[in-house]
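Worksheet: the structure to be examined is printed underneath.
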Amino acid sequence: MKLLTHNMLTSKCMKGVSVGYPLGINASDVRVSEVDFNPDFIARMIPKLDWAVLYNAAESIGQLEDLPKDLANNYENDQEFLKKVHHVLLEVDIINGELVCPETGRKFPINNGIPNMLLNEDEV
Amino acid sequence: MAFPQPNAQRELANRKILEELQLKKQLLLKQGVASTLNASALPVLGSTPTQSTDGHSMNSLQRAALQTANTQSTGFFISQDSSFGNLILPSISGFEKPKVLLEQYVTPPHLGSHMLYTIQSQYGDLSGKLVADIGSGCGALSVGAAVLDAGLVVGFEIDSDALDIFSDNISDHELTNVDAIQCNVLKDIPIQYVKFGKVFDTVLMNPPFGTKHNAGIDMKFLDVALQLSNNAVYSLHKTSTRQHVIKHAESLGAKAEVLAELRYDLPSTYKFHKKSTVDIEVDFYRFLV
Ligand SMILES: C[S@@+](CC[C@H](N)C(=O)[O-])C[C@H]1O[C@@H](n2cnc3c(N)ncnc32)[C@H](O)[C@@H]1O
């Protein structure tokens, strides 16, 4: 699971959960794999992101490297910056671990890179 | 019905095919089959062998890959020239024990290839886009979209067994621009709508068509797809339901366009039929959000 995916995941479909965001991450196996860099794609994704959530997620799994805490101005033309965001969003992959609902503590296992967000009948 | 486990030989073939494809991709995109599609004269793709092709003859390697695919498959690969279909989609493993209730069958490679090429070459809706594939199964559409340079493809699938094969297909093809989420897209799709609704540029699906027990399930998939997409949804629905589909899409504020009529050879398990496959007529849609 990539941090771009994590940035849009929520547990709010659970009964009694109002926001369910952001999900906490306990990572036991993180892999970094090379992904083709498409600066336009990254620049287009940035406004859709919750930057603080991305920053905290990267930090919590020790993959912050030198991602700035605040979004750069004019980032569209800042290749260096876009490259860093690209790395954190797409190249960092959580292979095993779990996601944690911030309101209920319900854990969602991540196995083989895939988070299992299925809920039991009594949870919806 | 079971697919043999990938063996070393097949993996090697896959890799060679991929190398070949990398070289040809740009060329293929330029000469894509999509030129054969236009709205005024709907082409019928599928069992008609008269379709003009994308102009590439198969080399022995590709032919071998197709042959392997044909002998190993469940019998619904179409031996028709379409470089993308012959190169990539046949090398995708299918469901090992398809679950009838979930309507698990793989989009036939020939049709999948036409769909993906049209989406990219006519509309530019894959390359550099954030793409969702809902009901992603073994990943036929996800792999195709990833090969065509999607920024990221996210597959949504309920079934663990399908997801295992999905993961194998992604790693067999050495794709790193694909992610997957296990969820029930009709109940608990875990995407932030409030903040991130419409985060996906393009949504792809080959939804369950529904049976007596769950009629209309493809319209429920469409509801979800339209909620996720900020631009376009590409989907397949039975031709017999066309009026209804178009009306339903309009009621949700989307504009439906039938891009092609397909003949879809469904494995007969789903029809309780004597023949091994059953042709059904299916429309290939583009819904503009
Ligand atoms: C017709 S198959 C298409 C598979 C794949 N997209 C392809 O084109 O080859 C439909 C898929 O939807 C999945 N599915 C059915 N109901 C679902 C649900 N409620 N949530 C998520 N996936 C579902 C099935 O398990 C199956 O893999």
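The values are calculated or read from the model by the stated rules, or taken from the named source; none is laboratory data. Keep in mind the model is a prediction, meaning the values are calculated, not measured. Glycine also receives a Cβ, built like all others from the backbone with ideal geometry; neighbour counts cover every protein chain displayed. Side chains are part of the model used for accessible areas, which takes the heavy atoms of the whole protein and leaves out ligands, DNA and RNA. Shrake-Rupley method; radii C 1.70, N 1.55, O 1.52, S 1.80 Å.
Restricting attention to the range A:68-99, which residues are surrounded by 17 or more Cβ atoms within 10 Å (Cβ to Cβ) and among the aliphatic types (A, V, I, L, M)?
A:Leu82, A:Val85, A:Val88, A:Leu89, A:Leu90, A:Val92, A:Ile94, A:Leu99 - these are the residues of the range A:68-99 that are surrounded by 17 or more Cβ atoms within 10 Å (Cβ to Cβ) and among the aliphatic types (A, V, I, L, M).
Looking at the structure I just gave you, is B:Leu126 closer than 14 Å to B:Tyr234 by Cα, crowded, with 24+ Cβ neighbours inside 10 Å and more than 12 Å from the ligand (Cβ to nearest atom)?
Details: closer than 14 Å to B:Tyr234 by Cα: yes; crowded, with 24+ Cβ neighbours inside 10 Å: yes; more than 12 Å from the ligand (Cβ to nearest atom): yes.
So B:Leu126 passes the test.
I want to confirm something. Restricting to the range B:129-162 and keeping residues that are at the interface with chain A (Cβ under 10 Å from one of its Cβ atoms) and more than 9 Å from the ligand (Cβ to nearest atom), which single residue is surrounded by the fewest Cβ atoms within 10 Å (Cβ to Cβ)?
If we take residues in the range B:129-162 being at the interface with chain A (Cβ under 10 Å from one of its Cβ atoms) and more than 9 Å from the ligand (Cβ to nearest atom), then B:Ser160 is surrounded by the fewest Cβ atoms within 10 Å (Cβ to Cβ).
Looking at this structure, is B:Asp218 charged (D, E, K, R), within 16 Å of the ligand (Cβ to nearest atom) and open to solvent by less than 30 Å² (accessible area, probe 1.4 Å)?
yes
Out of A:Lys15, A:Lys48, A:Lys2, I need the residue that is within 14 Å of chain B (Cβ to nearest Cβ), in contact with an Asp or Glu (Cβ under 7 Å, 6 or more places away or on another chain) and open to solvent by 50 Å² or more (accessible area, probe 1.4 Å). Which one?
A:Lys15
Residues B:Val199, B:Val178: which one is more than 19 Å from the chain's Cα centre (by Cα) and within 14 Å of chain A (Cβ to nearest Cβ)?
Just one listed residue meets the conditions, B:Val199.
Under the condition of being among the small types (Gly, Ala, Ser) and in contact (Cβ under 8 Å) with a residue 60 or more places away in the chain, which residue from the range B:221-238 is nearest to the ligand (Cβ to nearest atom)?
Of all residues in the range B:221-238, those among the small types (Gly, Ala, Ser) come to B:225, B:229, B:232, B:235.
Now narrow it down to the ones that are in contact (Cβ under 8 Å) with a residue 60 or more places away in the chain: B:225, B:229, B:232.
On the way: B:Ala225: 12, B:Ser229: 16, B:Ala232: 17 Å.
Here the residue is B:Ala225.
Please enumerate the residues belonging to the range B:169-192 that are polar (S, T, N, Q) and surrounded by fewer than 21 Cβ atoms within 10 Å (Cβ to Cβ).
Within the range B:169-192, B:Ser171, B:Thr176, B:Asn184, B:Gln192 qualify.
Scan the range A:30-45 and report the pairs whose first residue is more than 8 Å from chain B (Cβ to nearest Cβ) and whose second residue is acidic (Asp, Glu) and surrounded by 12 or more Cβ atoms within 10 Å (Cβ to Cβ), with Cβ atoms within less than 8 Å and a gap of 6+ or a chain change.
A:Val30/A:Asp93; A:Arg31/A:Asp93; A:Val32/A:Glu91; A:Val32/A:Asp93; A:Ala43/A:Glu76
Which residues, counting only those in the range B:163-172, are facing chain A (nearest Cβ under 8 Å) and among the hydroxyl-bearing types (Ser, Thr, Tyr)?
The one that is facing chain A (nearest Cβ under 8 Å) and among the hydroxyl-bearing types (Ser, Thr, Tyr): B:Ser167.
Given the conditions (1) touching a helix residue (DSSP H, G or I) at 6+ places or on another chain (Cβ under 8 Å); (2) open to solvent by 30 Å² or more (accessible area, probe 1.4 Å); (3) farther than 21 Å from B:Thr176 by Cα, report the number of the one that A:Glu65 does not fulfil.
For A:Glu65, the failing item is (3).
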